[in-house]
Amino acid sequence: MPSSISSFDSEPVLLRAIPELSWPRVALLAWVLAALGLGGWEAYWRVAQEYEASYRNSDGQWAEVRRRIDAREPNATVFIGSSRTLFDIDLDVWKEETGVHGIQLALEGSNPLPVLADVANDEDFSGLLVVGITPPLLFLPGLGHRAGVIEYYYDETPSQWISTRLSYPLETTFAYYNMDTKLFTVLARQAWWPDRPNLPFQQPEVRKLERMRRDRQADLWERVETDPEFHAIVTGTWRAIIEHLPPPPPEDVARAQFQALLEQVAGDVAKIRARGGEVVFIRPPSSDFFREAERKITPRERVWEPVVGAAGAVGIHFEDYPTLSDVRTPEWSHISAKDKARWTRALIGILRKAMSERGVHRSEVGS
């Protein structure tokens, strides 16, 4: 009799018996192997690479600190800028000297002007805003490396909020739980990882530079100073970034863009002052190759002086004060953790004097 079963259904079915196993023992073995694997990975980063567990400087962490302005601390001192402002200001010293625990909102690799505009438009803020200037970064579109952080702050979902807080215990427990140690980040920087030909220059990933606290106090990692090989990696990254900067726009376009920048700064500073706040500008130290490149790309008289002048603000440039320039910047761009307390104390004293001479008296700096 003809079969009505399709050829697919007529394929033989292979049956495999499930072995008799003790599933609790299998689960235990899996946990043991996973623990050994993670333990070995953690040991590699802690022992061989000398990493330490610290906060990851996530967008969620920035948003948490940013919320301190909202109603709870409207008269606080807020720091914005790039990584120099983030690494060079000692929050503990600032509080010791002024009685104010500053709100650290500086972002590495970023243009401070979007954050300046955000604070200027925040009706809750009427304190002292300290704007750190890294001249070349003023011309970045948007926030550069941290492009999405302001949007994240305003649009953070409950699940993102919870995720950040669940992440904190891992960040402060495991050295491998770091942006610099993600598997594909590690793989991509291996010498044997294949390069794709004919691609434009790709900015190299900046390696781990800091030890971070939950309040975003950041110290330059000692390994940058003590490990010659790691130091060479970091300075090589800075050199590659500087040497591959895009060409400037035509002179007339650049002039118009800079004029718009000055008008934005003046307008945002005026908004803050209208609410009883104040704005000051600081230029933290840089040295060696970085400093020479900055002199060439963004001369002081063509960038720093016009920005401070447009704001009508106190401006403290490290080159004008021996106590601000007599510090170590091991990789050309950030103050050594051993010098930042001394530098912060000197900055506070200079700010007090400069603001007093201009008739600006602020309790945030004890003047």
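Odds and ends about this structure:
- Of the solvent-accessible surface of the chain, computed with a 1.4 Å probe over protein heavy atoms with every protein chain present, carbon and sulfur atoms account for 58 percent.
- Exposure rule at most 10 other beta-carbon atoms within 10 Å, DSSP loop GluC sites (Glu not before Pro): the chain longest free segment: 124-367
- Excluding ligands, DNA and RNA, the accessible surface per residue across the stretch 244-367 is 47 Å² with a 1.4 Å probe.
- The stretch 74-116 shape via C-alpha gyration tensor axes, a/c threshold 1.5: oblate
- Pairs of Cα atoms nearer than 8 Å and 6+ residues apart set the relative contact order; for the chain it is 22 percent.
- Scattering from the chain was approximated by placing one identical point on each alpha carbon and applying the Debye formula without solvent; log10 I(q)/I(0) at 0.07, 0.11, 0.12 1/Å stands at -0.39, -0.82, -0.96.
- Accessible area per residue for the stretch 73-211, computed on protein heavy atoms with a 1.4 Å probe, is 46 Å².
- For the chain, the dipole from Cβ point charges (+1 on Lys and Arg, -1 on Asp and Glu) about the Cα centre works out to 420 debye, to the nearest 20.
- Within the chain, longest stretch clear of exposed trypsin sites (Lys or Arg not before Pro) (DSSP loop, no more than 13 other Cβ within 10 Å): 215-357
- Kirkwood-type radius of the stretch 84-167, with distances r between different C-alpha atoms, in Å: 14.6
- Semi-axis lengths, Å, the stretch 145-269, gyration tensor of Cα atoms, sqrt of 5 times eigenvalues: 30, 26, 17
- Charged-residue dipole, Cβ positions (Lys, Arg, Asp, Glu), the stretch 1-139 about Cα centre, Debye nearest 20: 420
The values are calculated or read from the model by the stated rules, or taken from the named source; none is laboratory data. It should be emphasised that the depicted structure is a prediction, and the values quoted were computed from it without experimental measurement. Ideal geometry is used to build each Cβ from the backbone, glycine not excepted, and the neighbour counts take in all protein chains shown. We work out accessible area using only protein heavy atoms, side chains counted, and drop any ligands, DNA or RNA first. Shrake-Rupley method; radii C 1.70, N 1.55, O 1.52, S 1.80 Å.
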